[in-house]
1. A:G180 label points, 7 Å along Cα→Cβ, one per copy: pairwise distances from this copy to the rest in nm, shortest first?
2. With θ set to phi - 60°, apply the Karplus curve 6.51 cos²θ - 1.76 cosθ + 1.60 along the stretch B:275-281 and write out the HN-Hα couplings as whole Hz, x wherever there is a Gly or Pro.
3. Per 10 Å bin, what is the whole-percent P(r) computed from every C-alpha pair distance within the stretch B:132-196?
4. Give me the orientation-averaged projected area of the Cα convex hull of the stretch B:81-197, in nm², one decimal.
5. Over all distinct Cα pairs, what is the inverse of the mean 1/r for the protein assembly as shown, reported as the Kirkwood hydrodynamic radius in Å?
6. Quick one: dipole size for the protein assembly as shown, taken about the Cα centre, charges +1 on Lys/Arg Cβ and -1 on Asp/Glu Cβ, in debye to the nearest 20.
7. If you count, for every residue in B:165-175, the Cβ atoms of partner chains within 10 Å of its Cβ, what is the mean?
8. Can you tell me how much longer the chain between A:R176 and A:E112 gets when fully stretched, taken as 0.36 nm per residue apart minus their C-alpha distance, in nm with one decimal?
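Laboratory data are not the source of any read-out in this text; all were calculated from the coordinates shown. These figures come from a predicted structure and were not determined experimentally. Cβ: placed from backbone, ideal geometry, glycine included. Neighbour counts: every protein chain shown.
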2 protein chains.
Amino acid sequence: MTLNTVSCSLGVTDLLAESRLWMEPAMRSAVARLHDGPRTISGFAFGWPEQEGPTGAGKGSSGGGKGIRPAIAGLAARAAGGKAEDAAPGAVAVEFVHAFSLIHDDIMDGDETRRHRTTAWKAFGTGPAILAGDGLLALALDTLAHATKGSSITRLTRTLIDLVNGQAMDTAFESRPWAGPDAVTADEYCAMAVAKTGSLLGCATAVGWLLGGGDEEGAERMDLIGRHLGLAFQAIDDVLGIWGDPAVTGKPVHNDLRQGKKTLPVVAALVNGAPGLALRLAARPSGGREARRTADLIESYGGRLHTEALAERELNAALSLITALPSPATADLELLARYLVTRRS
Amino acid sequence: MTLNTVSCSLGVTDLLAESRLWMEPAMRSAVARLHDGPRTISGFAFGWPEQEGPTGAGKGSSGGGKGIRPAIAGLAARAAGGKAEDAAPGAVAVEFVHAFSLIHDDIMDGDETRRHRTTAWKAFGTGPAILAGDGLLALALDTLAHATKGSSITRLTRTLIDLVNGQAMDTAFESRPWAGPDAVTADEYCAMAVAKTGSLLGCATAVGWLLGGGDEEGAERMDLIGRHLGLAFQAIDDVLGIWGDPAVTGKPVHNDLRQGKKTLPVVAALVNGAPGLALRLAARPSGGREARRTADLIESYGGRLHTEALAERELNAALSLITALPSPATADLELLARYLVTRRS
């Protein structure tokens with residue numbers, strides 16, 4: 001009995017734990033190539049227990065991400081007929097690009113907490129955090145470039161441009177008005193989310209497939225699966241950013257509202273004419289009560305429903321592509337896909 | 001008469017101007033792929049006249065770099081038997097990686113002026129400047145990945161790691177003592193300079209050669225030429241950072257001394273036992289007179305001579321490799337190489 005057949009019967013937690021088995025050594029050997037400073041910060045960002053940060057900020061916390069992208073890359077490799085571990089260089093590349101963008105985005109957004117830990121810039125300073133992000137990006141590209149032929153590296157570099165442009169759109173949204181003809185539309189929001197989240201999940205899926213021995217045509221389809229899942233994932237992220245339990249999400253309660261983020265629930269409720277919402281949001285609800293009232297208003301004007309419905313549609317689009325795959329990993333891909341929209345953190 | 005034969009008789013200024021002819025359109029079409037924010041900042045960093053910055057900081061200034069890396073990539077392509085323009089994707093990649101690292105380094109180092117212009121972070125803010133750097137890096141990789149086969153992209157990604165580690169070493173030098181067994185040594189300095197400056201010039205030379213149709217074996221030799229030139233270049237940069245004319249260099253006078261940088265002239269003078277130098281440097285000479293006295297002390301204890309001699313040796317090592325090239329661009333490569341150590345800015 002191989003790992004491949006065992007894992008079909010496991011839950012998402014086991015699925016993610018399983019991919020961590022081949023991911024962590026690959027990540028560690030890549031990070032070891034960095035100089036002390038960026039290496040320490042990278043370990044901190046990945047939640048490695050030996051890196052607690054200068055003030056012990058990471059002590060005892062689990063830290064690290066869920067590892068969804070590596071897991072999906074491994075499943076895509078299996079879908080192509082290979083082993084999950086075949087995807088390792090691509091999984092490392094995608095996970096490092098993800099970490100790079102989080103570290104830099106946290107600086108740009110001024111976020112002080114992520115994954116129950118102090119963010120890298122807050123713990124180590126802005127300059128060192130910029131460099132650690134750059135280092136992870138460099139490792140990502142080098143790891144993938146050495147391991148692959150064909151379109152994998154160009155898929156990753158194109159994704160990088162999408163990520164930067166997605167973050168630029170997101171930043172530009174901040175200075176747009178809450179209401180009126182210049183307000184952010186739901187379509188613009190989706191374009192941003194596809195660039196910022198869909199692109200990298202699509203890359204994980206396509207590159208995993210290619211590393212598992214799959215062909216280019218199939219890689220395009222896998223990319224599409226990842227993009228649908230990415231948009232669903234981002235929509236759920238927005239729901240959790242307003243209504244999520246901070247003890248579970250690891251982010252401050254009502255974080256997105258207090259930061260005045262123009263997320264999909266907000267955009268949808270504004271389009272539906274929620275009275276006084278634009279004014280409330282412009283004033284950045286800071287008190288717990290005020291933020292809760294704003295969240296209720298968004299919910300009662302359909303912001304949450306609209307966003308969850310979009311996530312559901314995107315999930316179904318991905319699922320119909322997944323079930324058409326003649327592959328051994330279909331069941332696990334489905335499991336992981338469904339988890340992305342039902343997760344609570 | 002082709003461009004190739006004409007350029008052999010030109011001076012360095014014309015050589016650089018000539019490569020700008022095919023570089024600028026290639027750079028502009030790449031930068032056009034970025035979203036407004038990072039696109040604007042990139043144009044500002046390149047000194048494009050239409051991007052004066054939010055406060056008109058760039059108005060009327062020439063801005064931009066000298067374009068040494070693109071020029072050397074073009075010459076390397078000609079050395080391999082191709083046309084200078086063949087190197088365009090590699091030249092764009094290297095120039096963008098260079099710009100990316102300057103933009104990020106200026107944030108880390110807190111530098112407010114470069115190339116007679118306000119630095120990007122000072123003009124546009126830290127977050128937007130981080131993102132613009134990321135955008136340029138993404139464009140660099142994507143441009144090269146699409147244009148090349150073989151080792152070009154892995155040469156660039158390896159260079160990226162060198163750059164990050166070189167900057168990490170440079171940063172780590174800051175917290176090392178000025179004297180005693182833990183002081184920075186000349187060897188450590190050279191390892192840092194090769195990583196931070198030599199690696200990218202080596203990449204420019206090797207990738208230009210490959211894009212011009214050259215083989216892998218030759219690319220290794222070209223890489224070595226670039227590394228020697230890069231170390232020479234950095235040594236001269238350090239000399240200019242202390243004794244350069246700020247009206248020509250575009251950086252504040254005695255900039256490196258006031259920032260307490262452990263550059264080669266400083267390290268060499270300390271090794272030679274310049275009396276009181278460690279104390280003077282630790283106190284960060286801020287007044288013009290104090291900085292001038294410190295510069296004089298470094299010079300009288302051989303710091304300047306040692307550094308210029310190293311640059312000379314590295315130049316000669318590069319020249320002996322260049323003259324062995326059976327190539328049409330040898331004379332121009334020599335010209336450009338000599339310029340790197342005789343330049344005043």
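1. In nanometres, ordered from closest: 6.2.
2. x, x, 5, 4, 5, 4, 5
3. Result, from short to long distances: 19, 37, 24, 15, 5, 0 percent.
4. Values: hull surface 37.7 nm².
Result: 9.4 nm².
5. Working: mean 1/r = 0.0377 Å⁻¹.
Its Kirkwood hydrodynamic radius stands at 26.6 Å.
6. 1140 debye
7. Taking the mean over all residues of the peptide, I get 4.
8. Between A:R176 and A:E112, full extension yields 20.6 nm more.
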